[in-house]
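What follows is a single structure, written as structure tokens, with notes after it.
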Amino acid sequence: MTDRSEIISQMTGLLYPFILLFGFYIILNGHASPGGGFQGGAVLASVFITRYLVEPDRCIQLKTLKTAEKILFVCIILYPAFFLFATTANHSELMNLTYLIVMNFLIGLKVCSGFTIIFFRFAFYEGGI
């Protein structure tokens, strides 16, 4: 892809902050509205995918992203166990709200990293890049 459109590059550069903001909004409000970790993570992954489509020369570190995904998976497993054993039988509304927000955030980041890895796997291995 040597032909690079300046209009598309400028527009995606302008849209990145809004896409990130919208993705985090979906994640953080998933406990009270439609959406949540999976949907917000998919929106966040679109930032990495469009970044690659606009500037394919700037490569993302897949090894770092895979490590982050594994760490997030462990956190998703350990956080509910910690929440279950560290709290008493009296779960307050604030504790439940905090639990839901943290879980949505962890799931959103995990989905974002997973979708990004899947896209780059297809781009590099299946696409012959």
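Each value in this text was obtained by applying a stated rule to the coordinates, not by laboratory testing. These numbers were taken from a predicted model, which means no experiment stands behind them. A quick note on method: Cβ atoms are made from the backbone with ideal geometry, for glycine too, and the neighbour counts reach across all protein chains shown.
Some observations on this one:
- Most positive-pole-ward Cα, Y25, S92, V43, against dipole of segment 6-126 from beta carbon charges: S92
- Fewest-first sequence of K63, K70, K110 by Cβ atoms within 10 Å of each Cβ: K63, K70, K110
- Net charge of Cβ neighbours under 12 Å - reference L62; Lys, Arg +1; Asp, Glu -1: +2
- Exposure proxy shown here: for V74, V102, V54, V111, the number of other Cβ atoms within 10 Å sets the order, fewest to most, as V74, V102, V54, V111.
- Of E93, E69, E55, the one that fluctuates the most in a GNM where the chain has Cα springs shorter than 10 Å: E93
- Rounded to the nearest 20, the Cβ-based charge dipole of the chain about its Cα centre (Lys and Arg +1, Asp and Glu -1) stands at 280 debye.
- For Y52, Y79, order by how many other beta-carbon atoms lie within 10 Å, fewest first: Y79, Y52
- Mean ellipticity per residue at 222 nm, deg cm²/dmol - from DSSP H runs of n ≥ 4 across the chain, formula -39500 (n - 2.57): -26000 deg cm²/dmol
- Gaussian network model of the chain, Cα within-10 Å springs - most flexible of G108, G40, G13: G13
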